[in-house]
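S.K.: Below is one structure. I have some questions about it.
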Amino acid sequence: MGILDVKNVSKRFGGLKALSDVNLSVKENTVHAIIGPNGAGKSTLLNCLVGKLIPDTGSVMFDGQSVLGRAPYEINQMGISRVFQTPEIFGDLTVFENMMIPIFAKRDGSFRMHAYETVASEAEMVEQAEKMLIDMNMIDKRHMHAASMSRGDKRRLEIGMCLSQQPRLLLLDEPTAGMARADTNNTIDLLRQIKAERDITIAIIEHDMHVVFSLADRITVLAQGTPLVEDEPQNIRGNPKVREAYLGESA
Amino acid sequence: MFGLDKKDTTLLIVVALMVLLAPFILNPFPEGSAMAQFNAGYPDLMQRFVIFGIFAIGFNILFGLTGYLSFGHAAFLGVGSYSAVWMFKLLSMNIIPAIVLSILVSGIFAAVIGFVSLRRSGIYFSILTLAFAQMSYNLAYSVLTPITNGETGLQLSLNDPRILGSSATADGSIPVTSLFGLEMRAAEQIQIGPWAFQFSVGFYTCAIIMLIAFYLSIRIFRSPFGLMLRAVKSNQQRMNYTGLNTRPYTLTAFIISGMYAGLAGGLLACMDPLAGAERMQWTASGEVVLMTILGGAGTLIGPVLGAGFIKYFENIFSKINESTLDGWFSFLPDGLQHAVVWVADHFVGSGWHLTLGILFMLVVIFLPGGLVEGGQRIYAWISGSKRKAKAAETKTEPAE
């Protein structure tokens, strides 16, 4: 039993079978990578985990509770945070305000009408946000408009926002997609640091093998909607089945 | 002060001074002078400035913060007016119960309309609110005649019960609205030289309520709740994945802004106790959108400026007629005078909408942030040229 258990999950879009009979178990405090060629069903699987899609069959259990049928905000309240392929942040707000929102959400739940206090008067929350900004090495950017930052900084902010809620499971959807090499390496370093410093489980979907092999404790290879193999990184590297799935029959 | 930071306190004090001194500020031209028709310092118009200011402040809480563009806010204005007039008919001519009821009823009304409309966003939300407002208008105009008195409009009469008051005054006329005996229409005129300044109880009642409404809106803007509303505008996806349910936030904002509109409608009835269906028409809903955008959506003071601007045009420009224009252009040769007056005539009087439309287009194109952005640019330009002058001074020094 892992912290996240996916059992017999299938999902169909019309005639296309996006996922068929996926079984997956993510162990607590590990980094679990899900890789696979385009169209393997990685994103569909992720969307089933966070409540964006509901699978046709099967079950998804997080920490012994089913996530199926719950709205994304409820799943987040259970302790799953998601980082998107293109950073989803509050572009119109400042970096500091961006960081305050998840902290308020963690304390107050999905809705609370806090109209008496001011944002600045919530000293404890401000302190938490500032601490996270220092951890993320962004404190000097606190007054910047989030939309005006570089892609790497947006990603860093988004990860910081997720971490500020102290999630038990962090889901990353191609966190380095479209990034320059330097930004990619920075992100890898950041994720390594997070893994070393925090009690957190990370599930990561990634295209870039460099990222996967530098981070993952365990890798699941997905092809045509089903898990091909699940093993440790050093065994995946030489696996002929994986090479075939990635490079086609001729390889 | 009052839980505001220094900048907001300054803003509140400046607005308070401007509103409370409005009878002076809006009356710059001496009585009887040629420019006197541009004076706006009479109670009727000043009341409209502040009442529509309240309406726009409330609208801005919804549109400015969450980005949801409601095209049906006039429905709440109308509901507020009807509630207030009913209170005058049934209970007493005191404005307090009337205002309380109009806020409550429009709040309930907003909860119902918001609950349905907020299931959609963007243009679909706007169309839903517009549909609801037009339905309300038609209901008020015909179907609900027993409650709204149809096209005549709801008015007071000598047969009204007025449980806590009297049906008629001693001399047999309909009593007037008051605040614990202080009549709303009571006014004092002060003559200073050629200037005549008017101070009315009605205006100051509205002004104080508007300042309270403005203060509350600052508090909402600066609160964690206000931050969440701005987050709704910025990225709903991220909100959902941050464990926040956006629906109750938008609904609360919608209800608050509906209550502001109801308050404005109630005050309109307090100043002039009648309510008609035309107050709910879609043009009235559009007007508050114009006010907010013209002044600067999402800014604190913008909606108030926008409301003042539009109401000024509506009341002052619409009063200029052909003979006034003839007077202005009498220095021109005869044929030219006729031509100029003929052109100008289309922009004043009943054609004031044309002037307003052109100004609105200019503001939206050149000042997307509204009048507030205009003010900021002027401020930056002044302080920038000062800095430049200073820089030039320091530059020339070494040359000596």
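S.K.: What nm distance separates the two modelled labels at A:N29 and B:S166, each placed 7 Å from Cα along Cα→Cβ?
M.R.: With each label placed 7 Å out from Cα toward Cβ, I get 8.5 nm.
S.K.: Relative to the Cα centre, what is the charge dipole magnitude of the protein assembly as shown, using +1 at the beta carbon of each Lys and Arg, -1 at the beta carbon of each Asp and Glu, and rounding to the nearest 20 debye?
M.R.: About 1100 debye.
S.K.: Right, another one. Using only Cα atoms, figure out Rg for the protein assembly as shown and give it as a multiple of 2.2 N^0.38 Å. Each step should come with its number before you reach the end.
M.R.: Details: Rg = 31.5 Å, N = 651, 2.2 N^0.38 = 25.8 Å.
After normalising by residue count via 2.2 N^0.38 Å, the value is 1.22.
S.K.: So how far, in whole Å, is the C-alpha centre of segment A:181-225 from the one of segment B:104-121?
M.R.: Centre-to-centre distance over Cα atoms comes out at 46 Å.
S.K.: A further question on this structure: Taking 0.36 nm per intervening residue step and subtracting the Cα-Cα distance, what contour gain separates A:E124 from A:A71 on full extension? Please list the in-between numbers first.
M.R.: Details: separation 53, 0.36 × 53 = 19.08 nm, distance 2.89 nm.
Taking 0.36 nm per residue and subtracting the Cα distance, the gain is 16.2 nm.
S.K.: Would you check the accessible area of B:W195, probe 1.4 Å, heavy atoms only, in square angstrom rounded to 10?
M.R.: Its heavy atoms expose roughly 80 Å² to the probe.
S.K.: Using packing as a proxy for protection, rank A:224-231, B:71-78, B:270-277 so that the peptide with the highest average count of other Cβ atoms within 10 Å comes first.
M.R.: Ranked by mean Cβ neighbours within 10 Å, highest first: B:71-78, B:270-277, A:224-231.
S.K.: Quantify how strongly other chains surround peptide A:113-126 by giving the mean number of their Cβ atoms within 10 Å of each of its Cβ atoms.
M.R.: 5
S.K.: Kindly report, to the nearest 10 Å², the accessible surface of A:K106 as traced by a 1.4 Å probe over protein heavy atoms only.
M.R.: The value for A:K106 is about 110 Å².
S.K.: Give the residues of segment B:295-329 whose amide nitrogen is closer than 11 Å to a point set 7 Å from the Cα of B:T355 in the direction of its Cβ.
M.R.: Counting backbone N atoms under 11 Å from the label point, the list is B:312-321, B:325.
S.K.: What is the distance in Å between the Cα centres of segment B:176-246 and segment B:338-375?
M.R.: Result: 27 Å between the Cα centres.
S.K.: What accessible area, summed over both chains, is buried at the A-B interface (1.4 Å probe, Å², nearest 100)?
M.R.: 2800 Å²
S.K.: To the nearest Å, what is the center-to-center distance of segment A:1-74 and segment A:90-114, using C-alpha atoms only?
M.R.: Answer, in whole Å: 28.
S.K.: Please give the length that would be gained between B:S33 and B:L216 if that part of the chain were fully extended, namely 0.36 nm times their separation in residues minus their C-alpha to C-alpha distance (nm, one decimal).
M.R.: Difference between extended and current length: 61.8 nm.
S.K.: Lys/Arg Cβ at +1, Asp/Glu Cβ at -1, dipole of segment B:253-400 taken about the Cα centre: which of B:W342, B:Q281, B:I256 is farthest positive-ward?
M.R.: B:I256
S.K.: Sticking with this structure for a sec: Just grab the label-to-label distance for A:D199 and B:W381, each label 7 Å out from Cα along the Cβ direction, in nm (one decimal).
M.R.: Result: 6.2 nm between the two label points.
S.K.: My understanding is that a pair violates if its Cα-Cα distance is over 25 Å; which of A:K154/A:K195; A:K141/B:K388; A:K42/B:K233 do that in this structure?
M.R.: A:K141/B:K388; A:K42/B:K233
S.K.: Toward the positive end of the charge dipole of segment B:6-319, about the Cα centre and with charges on Cβ (Lys, Arg +1; Asp, Glu -1), which of B:S70, B:S81, B:I174 goes farthest?
M.R.: Positive-most Cα among the choices belongs to B:S70.
S.K.: If you take every DSSP beta bridge whose two residues both sit in chain A, what share of them, in percent to the nearest 5, is antiparallel?
M.R.: If we restrict to bridges inside chain A, about 55 percent are antiparallel.
S.K.: In Å², and per residue, what accessible area does the protein assembly as shown have when probed at 1.4 Å with the other protein chains present?
M.R.: That works out to 46 Å² for each residue.
S.K.: For a Förster distance of 41 Å, can you work out the FRET efficiency between the beta-carbons of A:F13 and A:R151, rounded to the nearest 0.05? Don't skip to the answer; put the middle values down first.
M.R.: On the way: r = 30 Å, r/R0 = 0.73.
E(calc), rounded to 0.05, equals 0.85.
S.K.: Once you place label points 7 Å from the Cα toward the Cβ at A:Q166 and B:Y124, how far apart are they in nm?
M.R.: So the label points at A:Q166 and B:Y124 sit 3.9 nm apart.
S.K.: Using a 1.4 angstrom probe with every protein chain in place, what is the largest-first accessible-area order of B:V288, B:V372?
M.R.: B:V372, B:V288
S.K.: Anything losing 20 Å² or more of accessible area from the isolated chain to the full protein assembly: pick those residues out of segment B:223-240, probe 1.4 Å, ligands and DNA/RNA ignored.
M.R.: Residues meeting the cut-off: B:S223, B:P224, B:F225, B:L227, B:M228, B:R230, B:A231, B:S234, B:N235, B:Q237, B:R238, B:N240.
S.K.: At 4 °C and 1.567 mPa s, what whole-number value in µm²/s does Stokes-Einstein give for the translational diffusion of segment B:6-319, with Rh from the Kirkwood sum over Cα pairs?
M.R.: Using the Kirkwood radius from Cα pairs, D works out to 64 µm²/s.
S.K.: Please state, to two decimals, what the Cα-based radius of gyration of chain A comes to when divided by 2.2 N^0.38 Å (N = residues).
M.R.: Relative to the 2.2 N^0.38 Å estimate, chain A comes out at 1.04.
The values are calculated or read from the model by the stated rules, or taken from the named source; none is laboratory data. As the structure is a computational prediction, the values presented were derived from the model and not from experiment. With ideal geometry, Cβ positions are generated from the backbone for all residues, glycine too; neighbour counts draw on all protein chains shown. When the accessible area is computed, the model is the full protein with side chains, heavy atoms only, and any ligands, DNA or RNA have been set aside. Shrake-Rupley method; radii C 1.70, N 1.55, O 1.52, S 1.80 Å.
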